[in-house]
Amino acid sequence: MNKSFNTAMKLLAIAVSMTASVAASAQSAGTWSAKFGINQITPKVTSGDLSAPALPGTKADVGSDTEPVLVGNYMFTDNISAEFAVGLPYKHNLIGAGAINGTGKLGTSEVLPPTLFAQYRFFQAKSAFRPYVGLGLTYAYFQKETGSGQLTALTNTGSSSPTTFKLDHKFGVTGQIGAAYAINEKWYVDAAVTKTYLKTTAHFSTGQTQEIKLDPVAIVVGVGYHF
C-alpha cells in the first residue's frame, strides 16, 4: 500500500511539474494574453472653488462607476511586460460639495481612460502565482458632459438658458500593483489596484471655471487567457 501511495505521489508530482512547465511557456518572453474583467473607478477628489460669481467655498465631488474592461498583455522578457487597458465609457455624477454640500447632483460626465502600463512581474515564468507592479500613462477623454437643473439654479439664476460645461482632456500618471494566479496552462485569474494622478478644469457656459483634482483609485478583477 505504501508503495502504491509513493508511486501515486510521484505521478502527481510529475503531473504538477508538467503543468508548471506548460504554464511557463504561457508566461515567458514573446507571449500574449488577454483579460476580461470588471473595473470600479472611485475618484478621490480635491476640488478647487468655483470662480466668481459664486458662493465662497463652492466645490464639487465626483461619484464612482463600475464597467467592464478588456486588458491585453505582452511579455518582452520573462519578467518585463506591457499592458494596455480599454473599456466602455465610465459615467460619473458631479455632486455639490463644500458650501453647497447637500444640493445633490450638478451634472454627469462620461470618461474614456485608456491606459498603457510598463510592468515588472516577480518570480520565475513557471510560477503559478506572480505579483507585479506597473507604471503607466492614462489619457482621460471626457465626453457627454450634461448639467442638471440644480447647476443652472446655482450658476445662472433667473435665466432660461441651462448651464452647460466641458472638462479638459488630460494625461495622468498611473501606478499599479496586482497579482495573477494560473488556473492551468491557459487560464488565469488576476486582480489589480491602480491610482491615477489626474487634474482637470471644468469650463462653464456662464464663463466660470473650476479646478478639480480627480486622482481616481481603480480596482479591477478578471479572468485571462494566454495565447
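Structure data summary
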quantity	calculated
Elements of type strands (runs of 3 or more DSSP E) contained in the stretch 61-103, each with 2 or more residues being open to solvent by 30 Å² or more (accessible area, probe 1.4 Å) and under 23 Å from Thr164 (Cβ atoms)	90-98
In the stretch 114-133, the residues that are part of a strand (DSSP E or B), more than 18 Å from Val189 (Cβ to Cβ) and of a type outside the set (A, V, I, L, M, F, W, C)	Thr115, Tyr120
Members of the stretch 24-43 found to be surrounded by 15 or more Cβ atoms within 10 Å (Cβ to Cβ) and not small (Gly, Ala, Ser), listed by number	Gln27, Thr31, Lys35, Asn39, Gln40, Ile41, Thr42, Pro43
Number of the condition not met by Tyr139 [criteria: (1) part of a strand (DSSP E or B); (2) farther than 21 Å from Ile219 by Cβ; (3) hydroxyl-bearing (Ser, Thr, Tyr)]	(2)
Number of positions in the stretch 47-60 that are open to solvent by less than 30 Å² (accessible area, probe 1.4 Å) and in contact (Cβ under 8 Å) with a residue 60 or more places away in the chain	5
Positions within the stretch 100-126 being closer than 30 Å to Thr77 by Cβ and free of Cβ contacts under 8 Å to residues at least 40 places away in the same chain, in sequence order	Pro114, Leu116, Ala118, Phe123
Sole exception among (1) touching a Ser or Thr at 6+ places or on another chain (Cβ under 9 Å); (2) over 23 Å from Val69 (Cβ atoms); (3) open to solvent by less than 70 Å² (accessible area, probe 1.4 Å) for Ser127, by number	(1)
Verdict on Ala54 being in a strand (DSSP E or B) and of a type in the set (Gly, Ala, Ser)	no
Output for the stretch 151-209, where each listed residue is touching a His at 6+ places or on another chain (Cβ under 9 Å), over 23 Å from Thr108 (Cβ atoms) and hydroxyl-bearing (Ser, Thr, Tyr)	Tyr188
Residues being surrounded by 17 or more Cβ atoms within 10 Å (Cβ to Cβ) and farther than 29 Å from Gly57 by Cβ - total across the stretch 137-159	1
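One line per residue, one yes/no per condition, for (1) surrounded by fewer than 20 Cβ atoms within 10 Å (Cβ to Cβ); (2) outside any strand (DSSP E or B):
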| residue | (1), (2) |
| --- | --- |
| Leu135 | yes, no |
| Ser161 | yes, yes |
| Phe171 | yes, no |
| Ile177 | yes, no |
| Glu185 | yes, yes |
| Ala192 | no, no |
| Ala202 | no, no |
| Gly222 | no, no |
| Tyr225 | yes, no |
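The values are calculated or read from the model by the stated rules, or taken from the named source; none is laboratory data. What you are looking at is a predicted structure, and each value in this text was computed from that prediction instead of being measured. No Cβ is skipped: glycine too gets one built from the backbone with ideal geometry, and neighbour counts run over all protein chains shown. Note: areas computed on protein heavy atoms with side chains; ligands, DNA, RNA excluded. Shrake-Rupley method; radii C 1.70, N 1.55, O 1.52, S 1.80 Å.
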